[in-house]
Amino acid sequence: MSLRDYVTLRVGGQLFGVDAARVHDVFHPRGLTPVPQSRPEIAGVLNLRGRIVTAVCARRRLGLPPREEGAPEPLAIGLEVQGDSYGLVIDSVDEVLKLDDEKFHAAPGNLPPRWAEIIVGVYQLEKELLIVLDPHTLLDNAHLKAA
């Protein structure tokens with residue numbers, strides 16, 4: 001049995017997971033500076049303890065509707081991809097789960113193209129499905145620059 005830790009988070013009510021080894025920190029994405037002519041997924045950049053972090057809106061990246069007016073303040077998980085620091089802006093962080101690799105299932109083949117490229121697989125938890133995201137593809141600079 002091989003176990004792996006996942007940081008679980010919510011975006012648009014859906015439960016997602018990211019390999020905990022990839023998550024540097026969790027923070028409030030405050031003081032964002034807009035980036036002119038960037039893709040809509042780029043929420044802005046911010047200075048986080050001396051690091052310049054590009055904030056990427058998970059809802060926009062996943063093609064989900066925007067947050068409702070008056071929703072709780074979003075959070076961001078800090079990730080590094082190809083030497084660049086990113087903050088994936090999400091609705092909330094749930095917990096860290098230790099899951100058995102033997103219970104991991106490959107992503108279904110009928111996902112929408114936008115989701116198919118960033119989802120590596122799923123776990124069926126007791127009450128719901130955990131969708132595992134690939135932060136490298138999700139935040140890859142090339143994908144964020146592509147039209």
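The values are calculated or read from the model by the stated rules, or taken from the named source; none is laboratory data. All figures in this text were calculated on a predicted structure; none of them were measured in a lab. Virtual Cβ from ideal backbone geometry, glycine too; neighbours counted across all protein chains shown. The accessibility values were calculated without ligands, DNA or RNA, using every heavy atom of the protein model including side chains. Shrake-Rupley method; radii C 1.70, N 1.55, O 1.52, S 1.80 Å.
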Are any residues in the stretch 104-140 open to solvent by 60 Å² or more (accessible area, probe 1.4 Å) and either in contact with an Asp or Glu (Cβ under 9 Å, 6 or more places away or on another chain) or assigned to a helix (DSSP H, G or I) (or both), and if so, which ones?
113, 114, 117, 120, 136
Return yes or no: is residue 15 in contact with a Phe, Trp or Tyr (Cβ under 6 Å, 6 or more places away or on another chain) and not small (Gly, Ala, Ser)?
no
Among the residues of the stretch 32-46, is there at least one that is over 14 Å from the mean Cα position of the chain (by Cα), at positive phi and modelled with pLDDT of 95 or more?
yes
Sort through 30, 67 and tell me the only one that's touching a helix residue (DSSP H, G or I) at 6+ places or on another chain (Cβ under 7 Å), charged (D, E, K, R) and either in contact (Cβ under 8 Å) with a residue 60 or more places away in the chain or not in a strand (DSSP E or B) (or both).
67
Qualifying residue in the stretch 91-100 (condition: closer than 19 Å to residue 140 by Cα and among the β-branched types (Val, Ile, Thr))
no
Looking at residue 101 and the list (1) at pLDDT 90 or above; (2) open to solvent by less than 40 Å² (accessible area, probe 1.4 Å), which single condition is not satisfied?
(2)
